[in-house]
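The values are calculated or read from the model by the stated rules, or taken from the named source; none is laboratory data. Keep in mind the model is a prediction, meaning the values are calculated, not measured. For neighbour counting, all protein chains shown are included, and Cβ atoms are generated from backbone atoms with ideal geometry for every residue, glycine included. Note: areas computed on protein heavy atoms with side chains; ligands, DNA, RNA excluded. Shrake-Rupley method; radii C 1.70, N 1.55, O 1.52, S 1.80 Å.
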Amino acid sequence: MTQFVDWDLAAATARTVAGSGPNLGLSDAKGEVRRLRETAARAADHVAEFTGLVPSEAAAVRVVDRPAWSAANVEGMRSLLDPLAHKVSGEPGVLVKVVGSRLAGTQVGAVLGFLSGKVLGQYEIFGQPRGRLLLVAPNIVETQRRLDADAEDFRMWVCLHEATHAAQFGAVDWLRDHFMSEIDLFAAGESSDGMDLAQRFRRAVTVVVDSVRDVDNDSSVMDLVTSPQQREALERITAMMTLLEGHADYIMDEVGKDVMGDVASLRRKLDHRRLTSSPIQRIVRRLLGVDVKFKQYVRGRAFVSAVVDEVGMERFNKVWTSPQTLPDMEEIADPAAWVRRVA
């Protein structure tokens, strides 16, 4: 079957760009893998006990290097984009002519390879039906050393965040399907300027690549969103991601107080890293036109904290009842409004 993107080329390009990270030596590398696996298991228990979100089965945990993280995300993007592309177009040959599968593969691979040197952990939901928790060992070690953080605490810090995402998608049985359906609606939305999915994808990839090269580039993927249906879907996706990221950050802080050392110091260092990691922040700015990732953490954490302080964790968990109980962006800015409506 003709492909939307040359995924094999994307994977090869990502491997080339990724690099290897710090040289740990075989014995130290094996020890780090073992410690991360053990920490991830403990973090999952802590998250379940604190939140009340108990996954139907434990999340698969993979401790990976940079090329393996890139490969996992190539697989995830392939499983997401190929069905969308063929559903919208219905004629793969036209898509290939418009996008250029090899060009798209090179661009996607370059971006993933670049990001593979920045990501600490990820709960990846696209490539596997049940999702999987990826911990990028060389980046965790490198960042822990750069921040001069306690190694054991930093491992737990990273694992708590990702274990919370695993609990969200593992315990809330409708969440993944709902998330995917919103992405489907956004991608399939009819563009008012006649641009189809293939053209939008080509321009979106170009925006990402250009953002890596040129900090002053003002392009934004928001420029590609031209119909009311697309904007509505994007707003719901943004609200959902703000909740999920903020919830994970809140759990990091609250659980960390009981199981780690100086959480406040780690929080300051992590927030500073998020603000000053210019390459990845540059990509995010160009994707949505604002520092959306950092704002998702801050706004989402403030929403969760305000609701839990007012009504407690058990009533906050009503947020996971159905898509209709998720907050919209106005409620995230005004937690009391969500409490009045739902909790």
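Structure values in brief
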| read-out | value |
| --- | --- |
| Near pairs, Cβ below 9 angstrom, 6+ apart or cross-chain, from segment 115-137 (on the phi > 0 side of the Ramachandran plot and of a type outside the set (Lys, Arg)) to any residue that is surrounded by fewer than 23 Cβ atoms within 10 Å (Cβ to Cβ) and outside any loop (DSSP other than H, G, I, E, B) | 131/60; 131/123; 131/124; 131/169; 131/176 |
| Inter-residue pairs, beta-carbon under 8 Å, first over 11 Å from residue 265 (Cα atoms) and in contact (Cβ under 8 Å) with a residue 40 or more places away in the chain and in segment 145-157, second assigned to a helix (DSSP H, G or I) and open to solvent by 90 Å² or more (accessible area, probe 1.4 Å), 6+ apart | 156/42 |
| Candidates 308, 339, filtered to the one that is within 17 Å of residue 167 (Cβ to Cβ) and at pLDDT 80 or above | 308 |
| Selection from segment 121-159 of residues that are in contact with a Phe, Trp or Tyr (Cβ under 9 Å, 6 or more places away or on another chain) and part of a loop (DSSP other than H, G, I, E, B) | 125, 130, 131, 149 |
| Residue match in segment 150-168 (condition: modelled with pLDDT under 90, in contact with a Leu (Cβ under 6 Å, 6 or more places away or on another chain) and aliphatic (A, V, I, L, M)) | no |
